[in-house]
1. Pick out which of A:83, A:289, A:265 has the largest mean-square fluctuation in a Gaussian network model of chain A, springs linking Cα atoms closer than 10 Å.
2. What are the ³J(HN,Hα) values, in whole Hz, obtained from phi via the Karplus relation 6.51 cos²θ - 1.76 cosθ + 1.60 with θ = phi - 60°, for each residue of segment B:103-115 in sequence order, with x given for Gly and Pro?
3. Using a 10 angstrom cutoff on alpha carbons, build the Gaussian network for chain A and name the most mobile of A:332, A:141, A:231.
4. Are there chymotrypsin sites (Phe, Trp or Tyr not before Pro) in segment C:43-101 that DSSP marks as loop and that have at most 15 other Cβ atoms within 10 Å, and which are they?
5. What ranking do B:139, A:377, B:169 get, fewest neighbouring Cβ atoms within 10 angstrom at the top?
6. In percent, how large is the relative contact order of segment A:97-185, given Cα pairs closer than 8 Å and 6 or more residues apart?
7. Rounded to the nearest 5, what is the percent of antiparallel bridges among the DSSP beta bridges in the protein assembly as shown?
8. Could you give the dipole magnitude of segment C:66-153 about its Cα centre, charging the beta-carbon of Lys and Arg +1 and that of Asp and Glu -1, in debye to the nearest 20?
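Each value in this text was obtained by applying a stated rule to the coordinates, not by laboratory testing. Nothing here was measured: the structure is a model prediction, and the numbers come from that model. Cβ sites come from the backbone with ideal geometry, for glycine too, and all protein chains shown count toward neighbours.
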Amino acid sequence: MLGIFSRGQQKLKGMEKTTNTKEDKSLEYLDLLRRLSQEQGVSGREAKVAESLLKTLHPLVDEVERDRLGNVIAHKKGEGPDPHPRVMLAAHMDEIGLMVTQILEGGFLRFTPVGGIDLRTLPGQEVLIHGLSPLRGVIGAKPPHLQEPGERKKAIPGDELYIDTGYSKKEELEEMVPLGTMVTIERDLQLLANDLVAGKALDNRAGVTVLAACFQELTRLKHRADVYGVATVQEEVGVRGAMVSSYGLAPDLAVVIDVCHGDMPGVAEDEGFPLGKGPALGLGPHVHPRLFTTLKETAQEIGVPYQVEPSPTPAGTDAWAIQIAREGIPTALVSLPLRYMHTAVETLSLKDLKETGRLLAAFIQGLEPAFVEGLSCY
Amino acid sequence: MKDTLARLSQSFGPSGREEEIRTQLTKELAALDKNLAIRTDALGNLIATKPGDEKRLLLAAHMDEIALLVTHIDDLGFLRFSPVGGHDPRLLLGARVIFANGTMGTIGREELKDKEDLKLDKLFIDIGASSRAEAEENCPIGSMAVFAPHFSTQGSRIMAKALDNRAGCTVLLEVIRNLPPVDYQIDFVFTVQEEVGLRGARTAAYQLQPHLAVAVDVTRTGDTPEAPVMAVELGKGPAIKVKDRSFISHPRVKDLLEETARSQDIPYQLEILERGGTDAGSIHLTREGIPTGVISIPTRYIHSPAEIIDYRDLKNAALLLCSFLQHKDLFSSL
Amino acid sequence: MLLKELSEAFGPPGQEDEVRDLIREKIAPHVDRIWTDTMGNLYAEKKGRDAAGPRIMLAAHMDEVALMITRIDREGFLHFKSLGGIDQRVLIAKPVVIGRQRVPGVIGAKAVHLLEPEERERALSLRELFIDIGARDKEEAEKLVAIGEGAVFQSRFSSIGGNRVRGKALDNRAGCSALVELLQYDYPVNLTAVFTVQEEVGLRGARIASYNLKPDLALVMETTTAGDVPEAKSHQMSTRLGKGPALTIMDRTLIAAPDLLKALEETAQRLDKPYQWKQTATGGTDGGAIHLTGAGIPTAVVAIPCRYLHSPASVIDLADYQHLIELIHGFLTHAPGRRTGQK
């Protein structure tokens, strides 16, 4: 851990501009992001990351609890006279991962992906197996020498990959690794230049960090709205936690915080958004037009840079479920640009993270009952 | 239990046209004489309620089966169809099917240049009619056909059509037969339209608002020659589901099921199904979310005219569910 | 003609304002109450002569498949994605209008002369197509068009042949138009018409509308694929033009409530009106979302056969349109019991 930090700081020293950003407190949320990124929370088995998050949010809000499906729901009450607009902020806390499906002779484990993991990135990864007690492992594959000539040019199919645990007896492993055990990649968070960070599960632990950052900002602001911050479960397997938590809370409006694709070579301009240029505000059928406009205007007022992400669908975010819960919930989508999505080196800008927290807090501060009523008038 | 399964599996119950199987199940429930309140809802789910205190448990098994829907009749009396649920054209070719009125048919195909061209729209049902009028009279457009009934046993193995999911229905009936005295309310639901998208379970769970649910269905196995990798076998006990495409088990409900099996010495397996879903997929996402588990009967050749299960798995599934009902921490630990 | 006005109105998914305003104006004199919800569904309530009678929801979606402007490049060309299931093969060389301001443009692509032989054989992907609005550069284009705006086909609604019409967005302005016409009469039942949004992007408006209303039963008024074109085999023809409104037994999203289907069939027979069964089980409609709402809602779909759905020029037969109105009018007048459609 220390090694990573010092390497990051070394780089920072040489760059005046980024040192300034550090004074802007972009790095304020680095430790939280690092902690959340390291926590285990594959879809459907989010207890560990939830526990960590409960502790983080507890001092910032009035109450925080987990619902029946495991969503973490933090409630911060609004001030002033009734009625209080009820706003839900949702960021999913689950991560993609692997699930053990079979224990083979020789101590190898077969697995199936949970969520849309990029199988090509798996060979050679170091992994943690979250059995009865955590085990280390590596993902192996047939060495190049033993491959047929044509084989090397193709990605290794998922059913030919396996985890090597170092144990050699099937029986031994059966004791420690029940079928269904989750596996995550073992990866420390890396600080890159210009306040960029790279690591695992930043989709969407970065969003969860924004949630915390927003509550942090709100402790300094007066707001009339009742705020429900929800860290949702099972987004990666079909926006399931958002579906039930939005039904349960029935808020007046919702803002979803997730990640979108960052710019990188080979990706079209309207598919990938530059890092460090602020959050991308979703625009399309899934977003209530007035919420989009209000977020945009708020960003302009408080000087938060923003980008516009037009999309015909919410492309698999919690917004998909929330907008059509119950009688319909006006929903907006705010995304952090992130490169290399669904790999173990997801990369994003800490500055975007911080600015997004600030934007959401200001947006919430401005929420009044009349605005909410207007959301059903077309 | 075997006789019940024989009756249920041979009953006619395509998705969306479950009248006959529902009538059969209603009869079976009446014969058990347990004073359950029985009703049918707007989509056709059959709901049998054992009253109790304010805590509610939902037990679900779908009663529908995959089928063929007649969509077109040609001048010579051949019937074209659309699949109702997941059909594999390779399994349909040559299969015998039956309509609600007892009309039998067999499935033929157009002459194909290439075996790869075997698609559902190259197949047709021949009921032996010699004209359009004759076919229309017996099997008008909109009528549905299912695999022809068949039931046989070999040792502990049972071969029949529609074990998916009359096996699950049989387990529910067996639980009702041996119903332990419990304080909470239990809603036994025989759901409709599972095979076309877990539909009945969704509206049933919505109206019943259970605190906890368990679905009973069938699952695939990996114990046949050159089978796809799957660590479930016939005869090794009911499977407790960890995950499928529609659902990841609630960790606590899965643990409760495992604890029950271990404490009662009931053999069980853990199931990770890479494709397919069950009613639990709908149920657990209803309203604020419902902690849900699944008990699966290992089944070979699912969605074929002849599915095979092991009778011991069926019995143990019923035993497991009965014991689970008596777990002392059922609601408190969720 | 109402159908012409509706067909020519601008209404991509999520941008149905113009269609909604037009319908609101037409129905206002004939209904008891009009309101909208969080997504923009338009509701119109018409109380029945029997206040305790069944509550029926009639739904028709207002949105049409469209394109969404996602990028304006340096040269001022607009790049887009599809809003709903558009057939990319029909896009090339079509005029479009963008936004409610109706900025005109054409869909261009590299000229055929410049293509490699094998390129000519394949359909162009959306990424290879763009809209030219005549702007000289990005700056000029940005003055006319904003990112996120929808674009729809610019095509003239007109009659063709004997009793047929062609136009864009007949899916589902034909359904909307029929529903507006039906609202001009009084019925014994309690009726709420819903003109839904966002059907083309996943039956989204209908879902919250049915949750809001929780009706006793629902009828969806739609258009459906007509397959009676050259080379199609008889059993592949989903429906045929001029053979009457089509009743759906099953599609990808719904198995229609059997009793409700039967009541509709009996109505057609009683009135001696033509009807046909939809002969394929593909596609989906708002009915898929509606029937699974709450504790379940018996639902059926009645559709006008329509050729070339989702293209700039779709074709319907006005006789089918008229028969659809008569069928539903007959069904509603004959006061279906509260339990119709239930088992």
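1. Answer for the Gaussian network model of chain A: A:265.
2. 4, 9, x, 10, 10, x, 9, 5, 5, 10, 6, 10, 4
3. The residue with the greatest mean-square fluctuation here is A:141.
4. Answer by residue number: there is no such site.
5. Working: B:139 24, A:377 11, B:169 28.
Starting with the residue having the fewest Cβ neighbours, the order is A:377, B:139, B:169.
6. 46 percent
7. Of those bridges, close to 65 percent are antiparallel.
8. Values: 14 positive and 14 negative charges, 60 e Å.
Charge dipole of segment C:66-153: 300 debye, to the nearest 20.
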